[in-house]
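S.K.: So that we are looking at the same thing, I have put the structure below in structure tokens.
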Amino acid sequence: MDKQHTNDSLVCRDYEKELEKMSPFEIKNKLIEMAQEDARKSTATFLNAGRGNPNWIATVPREAFFLLGKWALSECRRVKDVGDGIAGIPSQSGSAHRLKQFLLEHKGDEAATLLEGAFEYLTKKKGADADDIAHEWAEAVIGDQYPTPDRILKHTEILVQDYLAQEMGGNVSCDGQYDLFAVEGGTAGMCYAFDSLQENFLLRKGDSIALMAPIFTPYIEIPQLDRFGFDVTMISANKVEQDGYHTWQYPDEEINKLRDKKIKLLCLVNPSNPPSYTLSRHTLDLIIDIVKNDNPDLMIVTDDVYGTFVPHFRSLMYELPHNTMCVYSFSKYFGATGWRLAVIAVNRLNIFDSLIDSLPDGDKKTLYRRYGSLSLQPDKIKFIDRMVADSRLVGLNHTAGLSTPQQMQMALFAAYALLDKDNVYKKRMHSIIQNRLEALWKTTGFTLLPDALRAGYYSEIDMMVWARKFYGDDFAKYLEANYEPLDFVMRLANETAVVLLNGDGFAGPDWPVRISLANLDRKSYLKIGTAIRTILDEYYATYKSSK
């Protein structure tokens, strides 16, 4: 029997080694199958904390969207209503007056209040034309026209510029200093960024880039594709306190790798995914020093989707505006992953345009031909507008852009946050996450140290740290020698019907597990914490019996 058990373990371990070559998000599908099977065979409840899709939605911006749609349909029927479900398209003349009258009819409705507030924000604070706003909104929510401008609608850009300044650590002086490109979620933003950087010779196959790890897996996987083949330097958040706790911050010697001028691009997710910590002030200052004194041409792509979950968050887009491209998604904060809403933000004075201007003549001629169908002066096209064209293989630039209904919902999300002067929504989001985080750690028996830099959207628990703390170094060595890191999440799924992601797939330490705090209720995280501790204790029981 012992021999058979050993053989089964070897087969299982070989299988786990093969699985570990895959993305954690693909392994997740196998774990879900195992957990669902366990739930069917037992009284366990299937709990999937593997993916970061939130289980909340922001209701008021959605209500405003649908109310606006009702008005916009009346605008279409006002122009032409031939019956049989056919109407005209909205007219601009007098549209602002008609919108105001419509909102008066719904006075006291939260949705109407948001629409009125956004309208007044644009007219009174930003000086926009009233009929221009109303007509853009009517056509946007109806979706009867191609996006114009194709990069982003005019008033959507104004609202989102101010939203980013408010939430990402900018200020009033940042007004209008950033060009935005509305894209189909943060994932599209990543794809467009890598594609256009290469198409414009800012990165070439085999060039050196740096990733601040652990990091969202596509940032690891995309550079490995044959068309890119980048030489990747990992900047590792391997800093630990004296008692062995991870801080998920970066030692100076790791950040100082960026002083090497051969590194052309730095990619980071801030706050990080999966650890969910924002960069310390010291690290921000060190990166600023490196760019100013050692690597002034360093291009930076910062993915700041979780920034809204950290009080007083400060993005690199405002610390190093000349060097930084920001990718921001509305998906997590507003519970809108299905909407696919994000923007790419680039400062109007930026390193990308500067580096294109300094390219060799041969490269400039190639780019002149590439973008020649778009302008009589293709060499004057800004990098962010080249991204728009590249997103449609240049030839379809005239049909580029995020759909206008998506842009309208994005604008209303931004307006909702801008008009929430008491931060009611933000405080509620922070409270939800914090309560779930405390519940998770409470039943593990592990210690969660206070940390102002923690976002908490995810929690990464390093099982090797807690193996040592609870049962000593010998047990930790036994665990490492006899099991693959993936074994922990597979046992968790198979025995407790709980699905988590393996942390080693994010280019971090080998033994952490990633728990999303976004998609289950507080009671579920109490159960998950108990399940995590149960599996660790099972390993220890096996270790003791082996002695």
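The values are calculated or read from the model by the stated rules, or taken from the named source; none is laboratory data. These numbers come from a predicted model, not from an experiment. Ideal geometry is used to build each Cβ from the backbone, glycine not excepted, and the neighbour counts take in all protein chains shown.
S.K.: Of all residues being charged (D, E, K, R) and in contact with a helix residue (DSSP H, G or I) (Cβ under 7 Å, 6 or more places away or on another chain) in the range 371-415, which is surrounded by the most Cβ atoms within 10 Å (Cβ to Cβ)? Just the residue, please.
M.R.: Among those residues, the one meeting the criterion is Arg386.
S.K.: Here's another thing I want to ask about it. Kindly provide the set of residues from the range 416-431 that are surrounded by fewer than 19 Cβ atoms within 10 Å (Cβ to Cβ) and either closer than 25 Å to Tyr543 by Cβ or among the aliphatic types (A, V, I, L, M) (or both), ordered by number.
M.R.: Residues satisfying the conditions are Leu419, Val424.
S.K.: Also: Give me the residue from the range 17-45 that is outside any helix (DSSP H, G or I) and not hydroxyl-bearing (Ser, Thr, Tyr) and, out of that set, surrounded by the fewest Cβ atoms within 10 Å (Cβ to Cβ).
M.R.: Once the filter is applied, the top-ranked residue is Lys21.
S.K.: For Glu254, work out the one condition from (1) in contact with a strand residue (DSSP E or B) (Cβ under 6 Å, 6 or more places away or on another chain); (2) farther than 28 Å from Trp511 by Cα; (3) surrounded by fewer than 23 Cβ atoms within 10 Å (Cβ to Cβ) it doesn't fulfil.
M.R.: (2)
S.K.: Now for a different question. Yes or no: Asn48 surrounded by fewer than 17 Cβ atoms within 10 Å (Cβ to Cβ), in contact with a strand residue (DSSP E or B) (Cβ under 9 Å, 6 or more places away or on another chain) and not assigned by TED's automatic domain parsing to the domain that holds Asp521?
M.R.: For Asn48, the condition - surrounded by fewer than 17 Cβ atoms within 10 Å (Cβ to Cβ), in contact with a strand residue (DSSP E or B) (Cβ under 9 Å, 6 or more places away or on another chain) and not assigned by TED's automatic domain parsing to the domain that holds Asp521 - is not met.
S.K.: Separate question: I'd like to check something: does the range 140-161 contain any residue that is under 28 Å from Pro274 (Cβ atoms), part of a loop (DSSP other than H, G, I, E, B) and in the same structural domain as Val305 (by TED's automatic domain parsing)?
M.R.: No.
S.K.: Residues that are over 19 Å from Lys30 (Cβ atoms), in contact with a helix residue (DSSP H, G or I) (Cβ under 8 Å, 6 or more places away or on another chain) and either modelled with pLDDT under 95 or surrounded by fewer than 24 Cβ atoms within 10 Å (Cβ to Cβ) (or both): does the range 496-508 have at least one?
M.R.: yes
S.K.: Would you check if there is a residue in the range 529-539 being over 23 Å from Ser431 (Cα atoms) and of a type in the set (Gly, Ala, Ser)?
M.R.: Yes; the residues of the range 529-539 include at least one that is over 23 Å from Ser431 (Cα atoms) and of a type in the set (Gly, Ala, Ser).
S.K.: Give the range 433-492 a look and list any residue that's farther than 18 Å from Ser276 by Cα, of a type in the set (Gly, Ala, Ser) and either outside any helix (DSSP H, G or I) or touching a residue at least 40 places away in the same chain (Cβ under 8 Å) (or both), or say none.
M.R.: The answer is Gly445, Ala467, Gly472.
S.K.: Let me ask something additional. Looking at (1) touching an Asp or Glu at 6+ places or on another chain (Cβ under 8 Å); (2) modelled with pLDDT of 95 or more, which one does Asp175 not meet, given that it meets all the others?
M.R.: (2)
S.K.: Consider Arg454 carefully, then state whether it is in contact with a strand residue (DSSP E or B) (Cβ under 6 Å, 6 or more places away or on another chain) and either closer than 27 Å to Ser329 by Cβ or aliphatic (A, V, I, L, M) (or both).
M.R.: yes
S.K.: Considering only residues that are outside any loop (DSSP other than H, G, I, E, B), under 19 Å from the mean Cα position of the chain (by Cα) and closer than 12 Å to Thr302 by Cβ, which ones fall in the range 255-291?
M.R.: Leu265, Leu266, Cys267, Leu268, Val269 - these are the residues of the range 255-291 that are outside any loop (DSSP other than H, G, I, E, B), under 19 Å from the mean Cα position of the chain (by Cα) and closer than 12 Å to Thr302 by Cβ.
S.K.: Shifting gears a bit: Which number in (1) surrounded by fewer than 18 Cβ atoms within 10 Å (Cβ to Cβ); (2) assigned by TED's automatic domain parsing to the domain that holds His398; (3) outside any helix (DSSP H, G or I) marks the one condition that Gln198 misses?
M.R.: All conditions are met except number (3).
S.K.: Follow-up question, since we're still on this one. If Phe181 meets every condition in (1) among the aromatic types (Phe, Trp, Tyr); (2) surrounded by 22 or more Cβ atoms within 10 Å (Cβ to Cβ); (3) farther than 20 Å from Tyr333 by Cα apart from one, which number is that one?
M.R.: Against the list (1) among the aromatic types (Phe, Trp, Tyr); (2) surrounded by 22 or more Cβ atoms within 10 Å (Cβ to Cβ); (3) farther than 20 Å from Tyr333 by Cα, Phe181 comes up short only on (3).
S.K.: Counting only residues that are more than 27 Å from the chain's Cα centre (by Cα), of a type in the set (Gly, Ala, Ser) and surrounded by 21 or more Cβ atoms within 10 Å (Cβ to Cβ), how many does the range 112-153 have?
M.R.: Of the residues in the range 112-153, 2 are more than 27 Å from the chain's Cα centre (by Cα), of a type in the set (Gly, Ala, Ser) and surrounded by 21 or more Cβ atoms within 10 Å (Cβ to Cβ).
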